[in-house]
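The values are calculated or read from the model by the stated rules, or taken from the named source; none is laboratory data. Fair warning: this is a prediction, and the values are worked out from it, not measured in the lab. Quick reminder, even Gly has a Cβ in these numbers, built from the backbone with ideal geometry, and neighbours come from all protein chains shown. Note: areas computed on protein heavy atoms with side chains; ligands, DNA, RNA excluded. Shrake-Rupley method; radii C 1.70, N 1.55, O 1.52, S 1.80 Å.
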Amino acid sequence: MLYFSTRDTDKKFTFEEIILNGLAEDGGLYIPEQTPIFTENDINRLLCSDYETIAYEIIKQFTGETFTSDLLKRMIHDSYKSFRSNFVTPLTEFDGSLSILELFHGPTLAFKDLAMQLLSRMIEEVLSRTNSKASIICATSGDTGGAAVTSFANKKNIKLFVLYPKGRISEVQRRFMSTVKAENIKVISINGNFDDCQNIVKTLFSDRYFAKNVSLTAVNSINWARIMIQIVYYFSAFSQYKRLEKNINFIVPTGNFGDIFAGYIAKKMGLPIQKLVIATNVNNILERCLKTGKYEAFDSIQTNSPSMDIQISSNFERLLFDLLDMSPRVVKKKMSELKENGKFELSKSELESFKNNFDAGSLDQDETVKIIKDIYNRSHQIIDPHTAIAVGVHYKNSYKNSIVLSTAHAAKFPDTVMKAIGINPELPNISEDIYKLHENIIDLPNDVGDINAFITKNFSE
Ligand SMILES: *Cc1c(COP(=O)(O)O)cnc(C)c1O
């Protein structure tokens, strides 16, 4: 299995190369040269397996000879053994039309644990083979940071730098990062919004001298390995689905388009998903694009679902590659239009093929609070605001069969939940201490030069 960039399909890369590079040198995103496709028999067999087996069967399609089967199985097992559910991602039926896939049973209570736990082990393994060092820099809108910090703490040969927008993430999210004690972790608060953090990361990546100097890699969802690992739970959801009819939509709280893109790959691999539904808050660039064909960035607005307060969805470029007939030339053209004018437009046929696989919907903040309340009143189940948005889109669009991806535990967003139902959602046992522990945070200006200097200095220490 080889990979190329969405902006240049001539150069090929191995899995080892792309997991360490993160972002392609040409600014594009890595994708597999071909998507492996399962036969119906393969799929039926997979759907009778447990989570770890499904994970192994899917991931080995993409990693080829990179890891021996024993090693891959062991890394998968180590990644998920501490999850608070035997199913890893349990599916619960809510009502006749709606089931909820719980992705929040990992150490930091958000779906990002699923990918980050395994990604960190893969990176550590690949580095150890050549005894090389790497620095990881990642921008977080809240949950990536905690998952990355927890997963990479004390991993060998790796330094992790996390940038988050000051005051724009919840206290629990911040504490999941700032209370982890590990020499190799630096948590940095930036005076700006998530897009500012992401722009700093992008600029540092395009600075080749810097990137080489500190062996830079990315663990944001631009890293293909994240997407690959997230494909697994779409299959796992089907394997737990009780009813016979399989015309299921997946509704995915969407920010950077990584999670839902994993669903798109699952569908390409043969999983009979009907529609992948983009659920967003008022930062709804993707919904607007699906409805009008115009992809146009506005300023991002702070909401009660902060992990989706994103305007530019990096992973959309991966879908764009497919929509634009896999032409790196046209992808480059659209992306430079976006950079110059803040927008581009899809043609009629490109928009049609987008709509063939996707649908979209959004909720504002009041609607989000109302859904949390409705769901609690109906079932005494407490859902987080991101999940609530997806649930709201299910009812708004009147789907027959949906699986909502529940991307975070309600306890990560206590203020909004409190506002909705007057209850403070309890943190699961393992994470209670974070309120008592000392926080380690470094304040830096919203300035690429300062971040560059900080990382360069710390990398060599
Ligand atoms: C990151 C995150 C999302 C968005 O996921 P993407 O892969 O960026 O689309 C949604 N909900 C929560 C709780 C998240 O942490």
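In segment 433-460, the residues that are over 25 Å from LYS202 (Cα atoms) and open to solvent by 40 Å² or more (accessible area, probe 1.4 Å) reach residues that are in a helix (DSSP H, G or I) and among the charged types (D, E, K, R) with C-beta atoms within less than 9 angstrom, at least six apart or across chains, in these pairs: TYR435/GLU171; TYR435/ARG175; LEU437/ARG175; GLU439/ARG174; GLU439/ARG175.
Taking segment 119-173 as the range and being open to solvent by less than 10 Å² (accessible area, probe 1.4 Å), of a type in the set (S, T, N, Q), away from the ligand (no atom under 13 Å from the Cβ) and farther than 20 Å from SER79 by Cα as the test, only SER135 passes. With respect to the conditions (1) surrounded by fewer than 16 Cβ atoms within 10 Å (Cβ to Cβ); (2) within 15 Å of GLY361 (Cβ to Cβ); (3) out of contact with any helix residue (DSSP H, G or I) (no Cβ under 9 Å at 6 or more places or on another chain), ASN429 lacks only one, and its number is (2). Exactly one residue out of ALA390, ALA408 is out of contact with any helix residue (DSSP H, G or I) (no Cβ under 8 Å at 6 or more places or on another chain), within 30 Å of ARG318 (Cα to Cα), open to solvent by less than 50 Å² (accessible area, probe 1.4 Å) and of a type outside the set (Lys, Arg): that is ALA390. If you go through segment 218-234 and keep only what is in contact with a strand residue (DSSP E or B) (Cβ under 7 Å, 6 or more places away or on another chain) and either assigned to a loop (DSSP other than H, G, I, E, B) or away from the ligand (no atom under 14 Å from the Cβ) (or both), you end up with ALA218, VAL219, ASN220, ILE222. Taken across segment 198-217, residues that are within 16 Å of the ligand (Cβ to nearest atom), among the hydroxyl-bearing types (Ser, Thr, Tyr) and part of a helix (DSSP H, G or I) do not occur at all.
Out of everything in segment 268-302 that is modelled with pLDDT of 95 or more, within 15 Å of the ligand (Cβ to nearest atom) and open to solvent by 10 Å² or more (accessible area, probe 1.4 Å), what residue ends up being nearest to MET418 (Cα to Cα)? So, considering only residues that are modelled with pLDDT of 95 or more, within 15 Å of the ligand (Cβ to nearest atom) and open to solvent by 10 Å² or more (accessible area, probe 1.4 Å), the one nearest to MET418 (Cα to Cα) is VAL282. The criterion of being at negative phi, away from the ligand (no atom under 15 Å from the Cβ), assigned to a helix (DSSP H, G or I) and of a type in the set (A, V, I, L, M) holds for ALA237.
For residues that are among the β-branched types (Val, Ile, Thr) and in contact (Cβ under 8 Å) with a residue 40 or more places away in the chain, scanning just segment 71-119, find the one that is farthest from VAL180 (Cα to Cα).
Filtering segment 71-119 for residues among the β-branched types (Val, Ile, Thr) gives 76, 88-89, 92, 100, 108.
In the following step, the residues that additionally are in contact (Cβ under 8 Å) with a residue 40 or more places away in the chain were identified as 76, 88-89, 100, 108.
Details: ILE76: 23, VAL88: 23, THR89: 25, ILE100: 30, THR108: 11 Å.
So, considering only residues that are among the β-branched types (Val, Ile, Thr) and in contact (Cβ under 8 Å) with a residue 40 or more places away in the chain, the one farthest from VAL180 (Cα to Cα) is ILE100.
Restricting segment 10-28 to residues that are among the β-branched types (Val, Ile, Thr) and buried (at least 18 other Cβ atoms within 10 Å of the Cβ) leaves a set whose member that is nearest to ASP322 (Cα to Cα) is ILE18.
Based on what the data block shows, is GLY258 in contact (Cβ under 8 Å) with a residue 24 or more places away in the chain, away from the ligand (no atom under 16 Å from the Cβ) and among the small types (Gly, Ala, Ser)? No: the conditions fail for GLY258. Among the residues of segment 29-49, those that are of a type in the set (D, E, K, R) and either modelled with pLDDT under 95 or surrounded by 13 or more Cβ atoms within 10 Å (Cβ to Cβ) (or both) comprise GLU40, ASP42, ARG45.
Of all residues being open to solvent by less than 10 Å² (accessible area, probe 1.4 Å) and out of contact with any Leu (no Cβ under 8 Å at 6 or more places or on another chain) in segment 354-372, which is nearest to VAL282 (Cα to Cα)? Just the residue, please. Quick ask: steps written out before the conclusion?
Looking only at segment 354-372, we keep the residues that are open to solvent by less than 10 Å² (accessible area, probe 1.4 Å), and these are 354, 358, 360-361, 363, 368, 372.
Keeping just the survivors that are out of contact with any Leu (no Cβ under 8 Å at 6 or more places or on another chain) gives 361, 363, 368, 372.
On the way: GLY361: 10, LEU363: 7, THR368: 11, ILE372: 17 Å.
That would be LEU363.
Of all residues in segment 57-70, those being open to solvent by 30 Å² or more (accessible area, probe 1.4 Å) and either outside any loop (DSSP other than H, G, I, E, B) or under 18 Å from PHE87 (Cα atoms) (or both) number 5. Filtering LYS212, LYS246, LYS242 for residues that are open to solvent by 20 Å² or more (accessible area, probe 1.4 Å) and either closer than 18 Å to GLU102 by Cα or touching a Phe, Trp or Tyr at 6+ places or on another chain (Cβ under 6 Å) (or both) leaves a single hit, LYS242.
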